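**Q** The structure follows.
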Amino acid sequence: MPDLEKLHAAVIEGDWKAAAAVTHAAIARGVAPLTIVGCLVPAMDEVGRLFECEEYFVPEMLLSARAMKASMEIVRPLLAAAGAEPVGRVVIGTVKGDLHDIGKNLVASMLEGGGFEVIDLGADVAPERFIEAATARHANLVALSALLTVTMPSMKTTVDAFQAAGLREQVKIMVGGAPVTQQYADAIGADGYSESAAGAVALARKLVVV
Amino acid sequence: MRTALEHRQPDRIPLDFGSTSVTGIHVSCVAALRHHYGLAPGPVKVHEPYQMLGLVEDDLRAAMGLDVTGVFPRKTMFGFPAAGWKEWNFRGLDVLVPGDFRTRTEPNGDILIYPEGDRTAAPSGRMPLGSAFFDSIVRQPEIDDEKLDPADNLEEFAPVSEADLDHIECSVRTACGGGYGVAATFGGTAFGDIALVPAPFLKNPKGIRDVTEWYMSTRTRRGYIHRIFERQCEIGMENLARIHARIGDAVDCMFVCGTDFGTQTSAFCSVPTFRELWFPYYQRVNGWVHANTAWKCFKHSCGSVERFFESFIEAGFDIVNPVQCSAAGMEPAELKRKYGSRLVFWGGGVDTQKTLPFGTPQEVREEVLRRCQIFAPGGGFVFNSIHNLQAGTPVENIVAMLRAVHEFNGVAHA
């Protein structure tokens, strides 16, 4: 599988052009879309490991995420057509009032690279939009991000909104962001907290199998 | 304050709130503090609209028992002068904003603000409903690597104007007349500060202005970034020479750069990358300052940055801020032990992510006293919270913080 070795290397090296070219070539040779995803997942796991051990930093993570996305954009329609099921479906966004989305984007990329279907609602997302998307897309996981202390209460508002909508049993909610802690996650009734993008993938995998 | 900056034991810990845009107070907290201390009522000036920082006037400075005042650039982050004040209702709070502060409220309650106050330009900042600060609207032209020109990322770095020099000279004269320590921000020497990259002060920013693209460019377009920094450094040093010719050694320290190298748990780059991409320019700027002035060099960087401290020292930085003790590897006693004789810790006084906004006054007092006990011995400490006092911080916690510092100092405080 020389193509997939090249794809693995392209993601780790953050070369999006190579990742796209190799993906096209692999599909042209008849490689199954799921096999390609099966290559992206360990590649992004390795990127997460490099970040955790501080061989990689934010720029390298962003480059790898871009390369992974370049491949996924080619593969995604084929996966849908084949009816392939993701590891889980995650609705993600920064909470109402918060425009800081770099951390959220990294988590979204790591989750997608981890085999999840990611519905990224972007920044400054109101609770009702999280609920609408989670309902419409049959998500089993919701990921909330906040950078500011002033917007952290929007996390609680969002968790409460899921409760009020009677959806709290259907979805697990995970939270993260610089000022957020496990203690805060527990206090607002979230199901999980991660302090890093790589940790978020492990947490998400744990939550969806519970 | 000068004694503390020279790493000698001062009679008491000097306090700063409001002297820079990273040691400031949100306008809502300034209003609450003025009310608490029974000062003259009336709208507070928002002197830095990006973070909605309120101006700490002399009466509040005295009431809080502060020791430092600031000199700020003539223009705000949105490119208009902090002058010509007018009233504005900030979600129920009457404040004063600069005359060219022009906004539009969207149907969803978001507030948009315009660069240079020009409503014909695309807005450059947005404050969502539910937030209390603006953030940049990224205006990124399509990038063609073949045509990228460092000059496009240098539009904001120009020779200092006579109007700027007049403003600085006037501000320094006023600041020095109060008997306080003076921290000056001249601008122009922040290399790749991510808050400045989107250029909310420009009407039509060119070059690399998207935050994500910039971060990736520090890896993939390093030559381009070097060329920006190289020219920026030359312009900045020429400007410093002209500024120094006007004001001499009147100020105590100069805010050099606010580029953040730390995250909550890690860093934005490795130490070797820092030394290759940033260090040479910091060394040149700080070297010029130390060779030609009596100013101390102030470096702001949030997050987990202990790994960079030896390089900061070698690059000529004298002061670090905000000393984010809640970040990984930023244990206060260890920082003091390793760097306390070589770096001034301007900050680290109390956590603003948890303790100050969400703790009790007693918890605030205890944390402040612990930090004072760690950082105060031998000087090298200017008390400030870890970054600006954020919107929503209970005023009783702010007052508890101030009382604790004054208690440590043995000074009576209201």
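**Q** Name the residue, out of B:240, B:277, that is at pLDDT 95 or above and within 17 Å of residue B:187 (Cα to Cα).
**A** On the way: B:277 fails: within 17 Å of residue B:187 (Cα to Cα).
B:240 is the lone residue from the list that is at pLDDT 95 or above and within 17 Å of residue B:187 (Cα to Cα).
**Q** Also, I was wondering about something else. Would it be correct to say that residue A:60 is in a helix (DSSP H, G or I), at pLDDT 95 or above and within 13 Å of chain B (Cβ to nearest Cβ)?
**A** On the way: in a helix (DSSP H, G or I): yes; at pLDDT 95 or above: yes; within 13 Å of chain B (Cβ to nearest Cβ): yes.
Against the criterion (in a helix (DSSP H, G or I), at pLDDT 95 or above and within 13 Å of chain B (Cβ to nearest Cβ)), residue A:60 qualifies.
**Q** Related question: Would you please name the residue that is surrounded by the fewest Cβ atoms within 10 Å (Cβ to Cβ), looking only at residues in region B:5-42 that are among the β-branched types (Val, Ile, Thr) and under 20 Å from the mean Cα position of the chain (by Cα)? Show your work before the answer.
**A** First pass over region B:5-42, keeping only residues among the β-branched types (Val, Ile, Thr): B:13, B:20, B:22-23, B:25, B:27, B:30.
Of the ones still in play, those that are also under 20 Å from the mean Cα position of the chain (by Cα) are B:20, B:22-23, B:25, B:27, B:30.
Details: B:20: 26, B:22: 22, B:23: 27, B:25: 28, B:27: 27, B:30: 26.
In this case the residue turns out to be B:22.
**Q** Evaluate region A:87-96: report whether one residue or more is under 22 Å from residue B:210 (Cβ atoms), outside any helix (DSSP H, G or I) and away from chain B (no Cβ under 14 Å). Full working, then the answer.
**A** Residues of region A:87-96 that are under 22 Å from residue B:210 (Cβ atoms), as a first pass: A:92-94.
Right, trim to outside any helix (DSSP H, G or I) and you get A:92-94.
Checking which are away from chain B (no Cβ under 14 Å) leaves us with A:92.
Checked region A:87-96: at least one residue is under 22 Å from residue B:210 (Cβ atoms), outside any helix (DSSP H, G or I) and away from chain B (no Cβ under 14 Å).
**Q** Just the residues that are out of contact with any helix residue (DSSP H, G or I) (no Cβ under 9 Å at 6 or more places or on another chain) and farther than 18 Å from residue B:320 by Cα, please, taken from region B:1-30.
**A** B:26, B:27, B:28
Every residue, every condition in (1) part of a helix (DSSP H, G or I); (2) in contact with a His (Cβ under 6 Å, 6 or more places away or on another chain); (3) among the charged types (D, E, K, R), yes or no:
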| site | (1), (2), (3) |
| --- | --- |
| A:43 | yes, yes, no |
| A:49 | yes, no, yes |
| A:55 | no, no, yes |
| A:69 | yes, no, yes |
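**Q** Looking only at region B:110-137, which residues are more than 10 Å from every other protein chain (Cβ to nearest Cβ), surrounded by fewer than 20 Cβ atoms within 10 Å (Cβ to Cβ) and assigned to a loop (DSSP other than H, G, I, E, B)?
**A** The answer is B:118, B:119, B:120, B:121, B:122.
**Q** In this structure, is residue A:38 more than 15 Å from the chain's Cα centre (by Cα) and under 30 Å from residue B:391 (Cβ atoms)? Break it down into steps so the answer makes sense when it comes.
**A** Values: more than 15 Å from the chain's Cα centre (by Cα): yes; under 30 Å from residue B:391 (Cβ atoms): no.
Spelling it out, it is not the case that residue A:38 is more than 15 Å from the chain's Cα centre (by Cα) and under 30 Å from residue B:391 (Cβ atoms).
Results for (1) of a type in the set (Phe, Trp, Tyr); (2) closer than 26 Å to residue B:224 by Cα; (3) more than 14 Å from chain A (Cβ to nearest Cβ); (4) surrounded by fewer than 22 Cβ atoms within 10 Å (Cβ to Cβ), shown as yes or no for each residue.
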| site | (1), (2), (3), (4) |
| --- | --- |
| B:235 | no, yes, yes, yes |
| B:238 | no, yes, yes, yes |
| B:244 | no, no, yes, yes |
| B:251 | no, no, yes, no |
| B:260 | no, yes, no, yes |
| B:265 | no, no, no, yes |
| B:274 | yes, yes, no, yes |
| B:291 | no, no, yes, yes |
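**Q** Looking at B:161, B:136 in this structure, which one is farther than 19 Å from residue B:237 by Cβ, modelled with pLDDT of 95 or more and polar (S, T, N, Q)? Full working, then the answer.
**A** Values: B:161 fails: farther than 19 Å from residue B:237 by Cβ.
The match here is B:136.
The values are calculated or read from the model by the stated rules, or taken from the named source; none is laboratory data. Treat the numbers as computed from the prediction; the structure is a model and nothing was measured. Using ideal geometry, Cβ is built from the backbone for each residue, glycine included, and neighbour counts are taken over all protein chains shown.
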